[in-house]
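Reading through the structure tokens given below for one structure.
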Ligand SMILES: [Zn+2]
């Protein structure tokens, strides 16, 4: 383990690292990772773009669950892993951050220029007029359209679990675009069955191709959307390091693979190569335990 950690530290410490992060980086912020070790019992198949746009019942189910689940995301704060990435970036060691996460926590931790491959959950797009509005605004409108809904469900699911029974969904009222009045609203995230906008993908490939190393954090690399960058790096002979809990589909391409808790591992790496945590700002390290 010591040798693996040293190899990881050397790789990151040499700089020009492009980070590719996934759901596993946000689990310590209380956001469930449906594919990680704690997410084995996934109860819902992911919503596809086709089902969302064509089936009003599927859409109602999505928004009802999402209306509840949003609270979890909205109150989530960056964890030690996000902060470590920000420290590495501020220390000049990270040349780019690509995330598959839609929670905005890299940016909240102080990172800049983050490419959000799958979009952001805190923005809502109208599929007719293309207008972007904030999720906060939609949340307010959904609450107005469904008075008492969250409270009724909370009695059944006190922990905010979004596993909402169908009878709970039936009465949920969705809302349309507040700008054009009739357009269908969709969170501005890439659903399954939808492709990531080509310019965004091109930006990611450009980052990866110019990198000295690619650092995968908390992604099982199950979907090609993220895995293709690892494959490209490997083809170009760019070293790939992976920190994840559990095996990943990119392990065959990895120069270094660390199976461990991300907050702990990344904090230790940042302590070693990015200097004292306090360098980024006092709020950034508040409440953090001593380095491992
Ligand atoms: Zn509209």
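The values are calculated or read from the model by the stated rules, or taken from the named source; none is laboratory data. No experiment lies behind these values; they were computed from the predicted model shown. Cβ sites come from the backbone with ideal geometry, for glycine too, and all protein chains shown count toward neighbours.
Annotation: of all residues in region 206-221 being part of a helix (DSSP H, G or I) and in contact (Cβ under 8 Å) with a residue 40 or more places away in the chain, the one that is farthest from the ligand (Cβ to nearest atom) is 210. For residues in region 89-101 being buried (at least 19 other Cβ atoms within 10 Å of the Cβ) and in a strand (DSSP E or B), which is nearest to the chain's Cα centre (by Cα)? Looking at residues that are buried (at least 19 other Cβ atoms within 10 Å of the Cβ) and in a strand (DSSP E or B), I get 99.
Looking only at region 163-205, which residues are in contact (Cβ under 8 Å) with a residue 60 or more places away in the chain, within 16 Å of the ligand (Cβ to nearest atom), buried (at least 17 other Cβ atoms within 10 Å of the Cβ) and part of a loop (DSSP other than H, G, I, E, B)? Passing the criteria: only 174.
Take region 102-136 and flag every residue that is away from the ligand (no atom under 16 Å from the Cβ), loosely packed, with under 15 Cβ neighbours inside 10 Å and assigned to a loop (DSSP other than H, G, I, E, B). Write out each step before concluding.
Filtering region 102-136 down to residues away from the ligand (no atom under 16 Å from the Cβ) leaves 102-122, 136.
Subset that is loosely packed, with under 15 Cβ neighbours inside 10 Å: 112-113, 136.
Once the filter is applied, which keeps residues that are away from the ligand (no atom under 16 Å from the Cβ), loosely packed, with under 15 Cβ neighbours inside 10 Å and assigned to a loop (DSSP other than H, G, I, E, B), region 102-136 yields 112, 113.
The one condition from (1) over 17 Å from the mean Cα position of the chain (by Cα); (2) within 26 Å of residue 190 (Cα to Cα) that residue 236 does not meet is (2). The condition (being touching a residue at least 40 places away in the same chain (Cβ under 8 Å) and in a strand (DSSP E or B)) is satisfied by just one residue among 265, 269, 243: 243. Of the residues in region 13-23, at least one is within 28 Å of residue 75 (Cα to Cα), modelled with pLDDT of 75 or more, out of contact with any strand residue (DSSP E or B) (no Cβ under 8 Å at 6 or more places or on another chain) and in a helix (DSSP H, G or I). Please verify whether residue 66 is farther than 27 Å from residue 214 by Cα and at pLDDT below 90, treating the condition exactly as stated. It is true that residue 66 is farther than 27 Å from residue 214 by Cα and at pLDDT below 90.
In region 222-240, what residues are part of a loop (DSSP other than H, G, I, E, B) and crowded, with 19+ Cβ neighbours inside 10 Å?
Applying the first criterion (part of a loop (DSSP other than H, G, I, E, B)) to region 222-240 yields 222-223, 236-239.
Listed by number, the residues that qualify are 238, 239.
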